[in-house]
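Here the structure comes first, spelled out in structure tokens, and everything after it is commentary.
The values are calculated or read from the model by the stated rules, or taken from the named source; none is laboratory data. From a predicted model like this one, the values you see are computed outputs, not experimental measurements. Positions of Cβ are generated from backbone atoms using ideal geometry, with glycine treated the same way; all protein chains shown enter the neighbour counts.
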Amino acid sequence: MQLQKNISLKDYNTFGIDVTAEYFLPVTESNHIPELLTDSSLPQEQHIIGGGSNILLTKNLSGLTLLNQTKGIELLKEDNDYVWLKVASGEVWHELVMYAIEHGWAGIENLALIPGTVGAAPMQNIGAYGVEAKEAIESVTAWHKEQQEFITLNNNDCRFGYRDSIFKHDLKGKVFITHVVFKLNKQPSFHTEYGAIKAELEQMHVDELSIKAIAQAVINIRSSKLPDPKVIGNAGSFFKNPTISTTQYEQLKQEHEQIPSYLVSDDMVKLPAGWLIEQCGFKGCTRGGTGVHEKQALVLVNKNNTTGKEVWNLSEEILQTVQSKFGITLEREVQIW
Ligand code: FAD
Ligand code: NAP
């Protein structure tokens, strides 16, 4: 491990924003984490980066930036129905999904091709195509910086919600997640009702449904409509989908007949933020080096050497326009640094 100084973070965030880290240290061994985080000779202001696919860097980072590259997948136990896998937090999420599929273990196949690391998955309880990581997470182990000890949170302790968890609230900035234990199913229950999965499976002429086929369908859909960060910088959905009361929804529907919605409980509905943004005319727009993706209005993109400030300003413009047109306050999903 070598401490580096004034390192560009351009290659370590999927937006491709060029800011520097005052000090930079890749971490490859989980068991070095306690020693590192208690080392008083290292800067105490610390930032953890995994794949850098859910952050917007608006300034140079002072202090120490730790790049999580820890590896390891361990089969903890199994019975007739399930396997329990202990996975190091620096493992690449999509590689874990593919590893599970190769072994015939179900539960995370709908989450194929989500960028980033395993350790960041519990942070925002990653979700896609009707499945959330919380459904497969048994527990999360982390080094608690203040308590100077490892803590293990079971699924309930993590307080998972829609793109949310305790790691974004009470434990924000306080822990380094080192391992996640997943409970995967030997007997799959397929989730194909969501979005375009069924249509894609038909298109693929799949005769027998399998977790491999579902993952491939998800990969095909995602590749066709989401910008590849290697080609055009972005951090996925910039905003969360807002949830409002059915009463507010009925009022909105009077003025905006076409407004789509998804019932989440008896009295709450989720609205696709991408639709709201598109209605405000932002889809495909350009502001300096940044803009909104042509195919998905929820994704802000780096069109030409943009800065974090420029992206932030566009997100602010979108927030205010959606607020005044629909009376809805969007919430940013991406972590702003
Ligand atoms: P980073 O961006 O590196 O970090 C995100 C936050 O987590 C930071 O606050 C960081 O400090 C913290 N963090 C990271 N690792 C640790 C750790 N070990 N311990 C403590 N804190 C940590 N998200 C979805 O939910 N569903 C999707 O379908 C989806 N699709 C995407 C598509 C694209 C093209 C892109 C670019 C992003 C997408 N995302 C999606 C968002 C993103 O991929 C996820 O949020 C992912 O989990 C972020 O992982 P990361 O390792 O890149 O996190
Ligand atoms: P999509 O399928 O075009 O759907 C648009 C929105 O409608 C999604 O945000 C989704 O909400 C919601 N939706 C669609 N079908 C639904 C259903 N049957 N029940 C409930 N809600 C439904 O979306 P997309 O942009 O192509 O993304 C597909 C999936 O990948 C979504 O689950 C999305 O969340 C996920 N994704 C996430 C990110 C990220 O950065 N967070 C980036 C890209 C894609 P939900 O978002 O709540 O699912």
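Among the residues in the range 119-138, are any over 20 Å from Ile197 (Cβ atoms), of a type outside the set (A, V, I, L, M) and free of Cβ contacts under 8 Å to residues at least 12 places away in the same chain? The answer is no, given that none of the residues of the range 119-138 is over 20 Å from Ile197 (Cβ atoms), of a type outside the set (A, V, I, L, M) and free of Cβ contacts under 8 Å to residues at least 12 places away in the same chain.
A quick yes/no check of all residues on (1) within 24 Å of Gln335 (Cα to Cα); (2) surrounded by 14 or more Cβ atoms within 10 Å (Cβ to Cβ); (3) outside the structural domain of Ile151 (by TED's automatic domain parsing):
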position: Val19; (1), (2), (3): yes, yes, yes
position: Val27; (1), (2), (3): yes, yes, yes
position: Ser89; (1), (2), (3): yes, yes, no
position: Ala106; (1), (2), (3): no, yes, no
position: Pro115; (1), (2), (3): yes, yes, no
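Filtering the range 120-177 to residues that are assigned to a strand (DSSP E or B), surrounded by fewer than 20 Cβ atoms within 10 Å (Cβ to Cβ) and more than 14 Å from ligand 2 (Cβ to nearest atom) leaves Glu138, Ser139, Thr141, His144, Glu149, Phe150, Ile151, Thr152, Asn154.
Of the listed requirements (1) within 13 Å of ligand 1 (Cβ to nearest atom); (2) crowded, with 16+ Cβ neighbours inside 10 Å; (3) outside the structural domain of Pro122 (by TED's automatic domain parsing), His191 misses just one: (1). Any residue at all in the range 165-172 that's within 16 Å of ligand 1 (Cβ to nearest atom), in contact with a Cys (Cβ under 8 Å, 6 or more places away or on another chain), farther than 30 Å from Thr290 by Cα and not polar (S, T, N, Q)? Within the range 165-172, one or more residues are within 16 Å of ligand 1 (Cβ to nearest atom), in contact with a Cys (Cβ under 8 Å, 6 or more places away or on another chain), farther than 30 Å from Thr290 by Cα and not polar (S, T, N, Q).
Residues that are away from ligand 2 (no atom under 13 Å from the Cβ), touching a strand residue (DSSP E or B) at 6+ places or on another chain (Cβ under 9 Å) and not in a loop (DSSP other than H, G, I, E, B): does the range 265-288 have at least one? Yes, there is a match, as at least one residue in the range 265-288 is away from ligand 2 (no atom under 13 Å from the Cβ), touching a strand residue (DSSP E or B) at 6+ places or on another chain (Cβ under 9 Å) and not in a loop (DSSP other than H, G, I, E, B). Among residues of the range 264-289 that are more than 18 Å from Glu333 (Cα to Cα), those with a Cβ under 7 angstrom from a residue that is among the aromatic types (Phe, Trp, Tyr) and crowded, with 16+ Cβ neighbours inside 10 Å, sequence gap 6+ or separate chain, pair up as Val269/Tyr249. Against the condition within 12 Å of ligand 1 (Cβ to nearest atom) and not polar (S, T, N, Q), how does Phe176 come out, does it pass? Here the answer is yes, as Phe176 does meet what is asked.
Yes/no per residue for (1) over 25 Å from Glu78 (Cα atoms); (2) modelled with pLDDT under 95:
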| site | (1), (2) |
| --- | --- |
| Ala133 | no, no |
| Ile137 | no, no |
| Ala142 | no, no |
| Asn154 | no, no |
| Asp157 | no, no |
| Val175 | yes, no |
| Lys186 | no, no |
| Glu193 | yes, yes |
| Met204 | yes, no |
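Is it the case that Thr70 is out of contact with any Lys or Arg (no Cβ under 6 Å at 6 or more places or on another chain), within 21 Å of Phe176 (Cβ to Cβ), of a type in the set (Val, Ile, Thr) and not in a loop (DSSP other than H, G, I, E, B)? No.
Looking at the range 98-117 only, could you name the residues that are part of a loop (DSSP other than H, G, I, E, B), closer than 28 Å to Ile55 by Cβ and of a type outside the set (Val, Ile, Thr)? Let's see the steps before the verdict.
Restricting attention to the range 98-117, the residues satisfying the condition of being part of a loop (DSSP other than H, G, I, E, B) are 103-105, 107-108, 112-116.
Those still in the list that are closer than 28 Å to Ile55 by Cβ too: 107-108, 112-116.
Listed by number, the residues that qualify are Gly107, Ala112, Leu113, Pro115, Gly116.
Out of Ser224, Ser245, Ser237, Ser139, one residue alone is in contact with a strand residue (DSSP E or B) (Cβ under 8 Å, 6 or more places away or on another chain), hydroxyl-bearing (Ser, Thr, Tyr) and not assigned by TED's automatic domain parsing to the domain that holds Gln296. It is Ser139. With the requirement that a residue be charged (D, E, K, R) and on the phi > 0 side of the Ramachandran plot, what does the range 144-191 give you? Once the filter is applied, which keeps residues that are charged (D, E, K, R) and on the phi > 0 side of the Ramachandran plot, the range 144-191 yields Arg159, Arg163.
If the condition is being assigned to a helix (DSSP H, G or I) and without any contact (Cβ under 8 Å) to a residue 40 or more places away in the chain, then the range 178-207 contributes Lys198, Ala199, Glu200, Leu201, Glu202, Gln203. On the given criteria, is Phe239 crowded, with 19+ Cβ neighbours inside 10 Å, closer than 26 Å to Tyr194 by Cβ and in contact (Cβ under 8 Å) with a residue 40 or more places away in the chain? For Phe239, the condition - crowded, with 19+ Cβ neighbours inside 10 Å, closer than 26 Å to Tyr194 by Cβ and in contact (Cβ under 8 Å) with a residue 40 or more places away in the chain - is met.
Working only within the range 289-302, note down all residues that are away from ligand 2 (no atom under 16 Å from the Cβ) and either buried (at least 18 other Cβ atoms within 10 Å of the Cβ) or of a type in the set (A, V, I, L, M, F, W, C) (or both).
Thr290, Gly291
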